[in-house]
Amino acid sequence: MTFDVLAQQLINGLVLGSFYALVALGYTMIYGIIRLWNLAHGDLFMLGGFAGFYVFSALSSSGLGESWLLLPIMMLTALVAVGLLSVVIDRIAYRPLRNAPPLAPLLSALGVSIFLQNGALLAFGARPKTMASPFPGFQIPLGGAVLNGSHVVIVVSALLLMLGLHLFVTYTTMGKAMRATAQDREMAMLMGINIDHVIAVTFFIGAGLGAASGVMVGAYYGVINYSMGFLNGLRAFTSAILGGIGSIPGAMLGGMLIGLLESFSTALLPSGSAWKDVIVFAVLIGFLILRPQGIFGTRTRI
Amino acid sequence: VSRIMKTVRWLPGFVALLTLVAACAPAAAPPPPTAPAAPAAPGATSAPAAGASPAAAQPAASPAAAAQASPAAKPAAASPGKPIKVGFAGGISGDAAKVGQDVQTAVQLAVEQANAKGDTLPGQKLELVTLDDKNDPREGVSVANRLVADADVVAVVGHVFSGISVAAQPVYRDAKMAMITAVSTSPKVTEQGSNNVFRTVGRDEQQVVIATEAIAKKWPNPKIAILHDKQTFGQGIAELARDSFGKKGWAIDTFEGITAGEKDFTPLLTKIKAQNPDILYWGGLSTEGGLIAKQMKQLGLNAQFFSNDGIWDTTFIEIAGPAAEGALMTIGPSLEDLPSAKDFAEAYKKRFNAEPTGYAVYGYDATNVIVDAIKRAGKADRDAVRAAVASTKGFAGASGPVSFDQKGDRVERYYVLSTVKSGKFATVKE
């Protein structure tokens with residue numbers, strides 16, 4: 001493998017990894033705080049893509065069409081809109097089941113996922129929506145490899161969002177309350193933390209980050225369809241487990257690892273693109289056998 | 001007691017889930033968004049193509065239409081007033097819904113025209129039964145069973161993609177019912193040993209021959225990369241292309257499958273770029289095809305994008321954008337190049353306020369072959385209609401004459417080398 005190809009596969013993998021990592025954060029945060037595998041998370045990612053698309057269509061005809069502000073506005077709108085939707089979903093579908101056996105909210109999440117996917121099919125139609133690239137058009141010369149504005153913007157925004165989340169969780173009172181709730185919900189409640197409020201904020205941030213990823217995926221590939229949440233959600237969930245479910249740095253690292261693993265297994269193996277999922281899941285299984293808690297996870301106490 | 005309490009606490013979850021599922025069930029088959037005039041309701045749609053259609057207003061047709069207007073008043077001898085049902089089965093929702101919607105609207109037009117002209121058995125109207133299989137083989141089989149269970153359905157136009165057509169055809173075979181597909185081109189469709197399967201489109205071997213000829217003309221000794229989507233149609237045609245190119249002695253460095261539904265093919269395309277092929281041949285459908293063409297351009301992979309009628313859907317051009325320009329593919333001829341399609345194109349435009357695209361004309365011909373067969377059979381009997389369809393020779397279709405061979409394949413060769421020019425599919429003129 002020449003340097004050009006190596007550099008290009010690194011870029012491909014990091015871009016993929018950024019998408020997975022942002023979605024994985026939502027899975028891991030929600031699992032960490034209420035032990036729920038939020039099956040509807042991939043569909044919230046998809047709704048983020050649509051929100052970005054409609055903001056793009058509305059603004060691209062106005063003066064903002066060429067501005068660098070377009071993408072941040074798309075991401076912010078999608079983040080807030082989908083975040084709020086996620087809070088509503090939690091209120092309706094998960095909160096009434098807070099003390100039910102764990103399978104009940106899981107089934108409820110499955111229902112929400114089906115509901116969102118079919119709702120999107122009805123509302124937005126079956127044909128994929130297509131959009132032009134809102135990314136800056138510059139190219140960075142890197143030998144034979146292509147590194148352009150979209151790659152830089154995607155990786156940098158993902159890193160900034162993850163850094164922001166890390167600072168929020170580590171240094172704010174709400175972040176402290178989230179960590180306390182994740183450690184021991186009853187004890188946190190006894191300390192006067194408003195659990196429902198903390199959980200709502202978690203749902204808001206988790207879904208918002210997923211929606212931001214949806215906007216970037218839609219803008220980068222130029223295709224948004226109602227079923228795009230499934231495959232991405234699956235890979236992101238794998239990332240969250242690999243990194244250690246419940247651990248925020250773990251989700252970031254897991255996402256990047258899965259992205260790189262996909263790109264390099266495609267590159268290095270003959271017929272690699274057909275085998276890459278096998279490789280990814282083989283690594284996951286191997287990891288779960290040797291280190292069940294994932295890279296950064298801690299063993300759950302019983 | 002605690003065990004009972006536990007069960008009771010489960011209930012809200014189950015109820016919530018059941019409600020959601022119930023809410024989603026009717027939502028599963030939305031009306032085709034591209035056909036505003038199509039009165040397609042969720043689930044099974046009986047569209048009694050009555051005199052409301054503009055076609056009914058055609059002067060030449062009106063006396064016949066008037067005679068048919070009150071069939072109940074003058075019952076015919078055979079089965080008075082009972083409609084003869086023709087089925088349409090195919091994906092009109094889901095990912096590649098546009099392809100099926102094109103066909104469904106054309107089928108509807110053909111049925112409406114036949115009724116307006118009184119082009120059926122005396123005293124009986126045709127009725128279209130549209131069932132959506134979402135381009136899913138399991139749904140396809142279930143839809144086929146529903147059509148077969150309705151004793152009034154005599155023949156079916158469907159299904160859309162080859163994998164679904166192959167899965168559903170035994171159901172029709174056992175019911176001795178003709179199925180004419182207007183889209184499925186995989187050899188497997190007519191190689192199942194049944195006598196009830198026909199198609200108004202070509203076979204993939206034919207388009208691979210044309211692709212090979214076109215490549216040989218322009219590239220003396222090309223290096224080729226072949227990608228496919230691991231589906232019946234996509235992998236099938238990719239293998240045919242590999243065999244055909246291989247016989248010419250051309251170097252095929254890559255033959256790889258991708259996963260349909262994915263969006264990122266850059267790792268694979270980066271690998272292919274390092275091999276510097278002259279041509280990238282794609283066996284699959286329009287969404288992934290469009291993404292591949294687009295990402296090739298982004299990565300600076302300058303091979304010629306070459307595909308087939310799998311990407312014959314404006315979705316390909318929308319997704320690939322400027323990268324679609326100059327792409328080559330083997331598809332049916334443009335309607336402008338078919339003098340026989342002029343009346344169809346005008347009637348379609350008038351009825352649906354949109355240009356007929358993709359496989360519409362083949363759906364129209366498939367329906368008219370059935371209409372013709374019903375008349376020749378002289379009775380609304382499945383096996384008689386099937387036999388009449390099988391004996392179709394030189395039927396004057398909108399896409400040209402239609403004849404079927406022993407297997408049910410269309411005898412006339414129809415593929416032409418085409419490209420994308422200014423955002424439209426256009427035949428390559430020598």
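A compact table of results
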| read-out | value |
| --- | --- |
| Output for the stretch A:1-18, where each listed residue is of a type outside the set (Ser, Thr, Tyr), closer than 22 Å to A:PRO270 by Cβ and open to solvent by 20 Å² or more (accessible area, probe 1.4 Å) | A:MET1, A:PHE3, A:ASP4, A:VAL5, A:LEU6, A:LEU10 |
| Failed condition for A:GLY137, given (1) over 30 Å from A:LEU14 (Cβ atoms); (2) surrounded by fewer than 20 Cβ atoms within 10 Å (Cβ to Cβ) | (1) |
| Subset tally (residues that are basic (Lys, Arg) and not in a helix (DSSP H, G or I)) for the stretch A:249-288 | 0 |
| Hits in the stretch B:273-294 - residues which are within 13 Å of another protein chain (Cβ to nearest Cβ) and either surrounded by fewer than 23 Cβ atoms within 10 Å (Cβ to Cβ) or charged (D, E, K, R) (or both) | B:LYS273, B:ALA274, B:GLN275, B:ASN276, B:GLU288, B:LYS294 |
| Condition check for B:ALA151: part of a loop (DSSP other than H, G, I, E, B) and either modelled with pLDDT of 95 or more or open to solvent by 10 Å² or more (accessible area, probe 1.4 Å) (or both) | yes |
| Per-region count, the stretch A:34-56, residues open to solvent by 10 Å² or more (accessible area, probe 1.4 Å), within 17 Å of the chain's Cα centre (by Cα) and among the aliphatic types (A, V, I, L, M) | 3 |
| Residue that is farthest from the chain's Cα centre (by Cα) [pool: residues in the stretch B:184-210 that are farther than 22 Å from B:SER244 by Cβ and crowded, with 24+ Cβ neighbours inside 10 Å] | B:ASN196 |
| Index of the failed condition, A:ILE89 passing every other in (1) under 27 Å from A:VAL169 (Cα atoms); (2) not in a helix (DSSP H, G or I) | (2) |
| Residue check for A:MET178: closer than 20 Å to A:ILE30 by Cα and not acidic (Asp, Glu) | yes |
| Options A:MET187, A:MET178, A:MET162: the member that is without any contact (Cβ under 8 Å) to a residue 40 or more places away in the chain and away from every other protein chain (no Cβ under 12 Å) | A:MET187 |
| Candidates B:ALA175, B:ALA241 - the one that is among the aliphatic types (A, V, I, L, M), within 18 Å of B:ASP309 (Cα to Cα) and out of contact with any Pro (no Cβ under 9 Å at 6 or more places or on another chain) | B:ALA241 |
| Those residues of the stretch A:190-244 which are closer than 21 Å to A:VAL169 by Cα and within 14 Å of chain B (Cβ to nearest Cβ), in sequence order | A:SER213, A:ALA236 |
| Whichever residue in the stretch A:100-113 is facing chain B (nearest Cβ under 8 Å) and closer than 22 Å to A:ILE205 by Cα and, among such residues, is most open to solvent (accessible area, probe 1.4 Å) | A:LEU110 |
| Some residue of the stretch A:260-274 being touching a Ser or Thr at 6+ places or on another chain (Cβ under 9 Å), among the small types (Gly, Ala, Ser), farther than 18 Å from B:ALA274 by Cβ and buried (at least 20 other Cβ atoms within 10 Å of the Cβ) | no |
| Options B:LEU269, B:LEU291, B:LEU240, B:LEU280: the member that is touching a residue at least 12 places away in the same chain (Cβ under 8 Å) and assigned to a strand (DSSP E or B) | B:LEU280 |
| Single match in B:PHE404, B:PHE425 (criterion: in contact (Cβ under 8 Å) with a residue 40 or more places away in the chain, more than 14 Å from B:ILE180 (Cβ to Cβ) and crowded, with 16+ Cβ neighbours inside 10 Å) | B:PHE425 |
| Single residue of the stretch A:57-99 satisfying the filter (within 14 Å of chain B (Cβ to nearest Cβ) and surrounded by 20 or more Cβ atoms within 10 Å (Cβ to Cβ)) that is farthest from the chain's Cα centre (by Cα) | A:LEU97 |
| Conditions (1) of a type outside the set (Ser, Thr, Tyr); (2) at pLDDT 90 or above; (3) within 21 Å of A:GLY233 (Cα to Cα); (4) in contact with a Leu (Cβ under 8 Å, 6 or more places away or on another chain): number failed by A:PRO102 | (2) |
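The values are calculated or read from the model by the stated rules, or taken from the named source; none is laboratory data. Quantities reported herein were computed from a predicted structural model and do not represent experimental measurements. Methodologically, a virtual Cβ is constructed for each residue, glycine included, from the backbone with ideal geometry; neighbour enumeration extends over all protein chains shown. Surface areas here come from the heavy atoms of the whole protein model, side chains and all, with no ligands, DNA or RNA. Shrake-Rupley method; radii C 1.70, N 1.55, O 1.52, S 1.80 Å.
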